[in-house]
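What follows is a set of notes on a single structure, which appears directly below.
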Amino acid sequence: MECVGLLCYAEITEFSGKLESEIEKIFLMDELPTNWTYPLIQPLLIEEYEKRKCK
């Protein structure tokens with residue numbers, strides 16, 4: 001079985017205050033959530049990000 005995922009990184013400096021997309025809500029968190037939508041993929045993407053951010 002092949003798992004494919006995409007992790008995008010952005011440094012957001014401000015929000016317009018109005019959501020203009022299909023996103024229902026935006027949550028700003030100090031820590032990563034524990035209840036993932038795709039629990040077999042998302043933790044692996046975060047782990048890969050952690051490995052690469054130091055390079």
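What follows is calculated from the coordinates using simple rules that are stated; it is not laboratory data. This structure is a prediction, so every number in the text was calculated from the model and none was measured. Backbone-built Cβ (ideal geometry, glycine too); neighbour counts: all protein chains shown.
General observations
- The set of residues from the range 2-54 being touching a helix residue (DSSP H, G or I) at 6+ places or on another chain (Cβ under 9 Å), hydrophobic (A, V, I, L, M, F, W, C) and surrounded by 10 or more Cβ atoms within 10 Å (Cβ to Cβ) comprises 7, 36.
- Any chance residue 47 is outside any loop (DSSP other than H, G, I, E, B) and among the acidic types (Asp, Glu): yes
- Listed by first and then second residue, the pairs linking a residue in the range 28-44 that is more than 25 Å from residue 13 (Cβ to Cβ) to a residue that is among the polar types (S, T, N, Q) and surrounded by 10 or more Cβ atoms within 10 Å (Cβ to Cβ), with Cβ atoms under 9 Å apart and 6 or more places separating them unless they lie on different chains, are 36/42.
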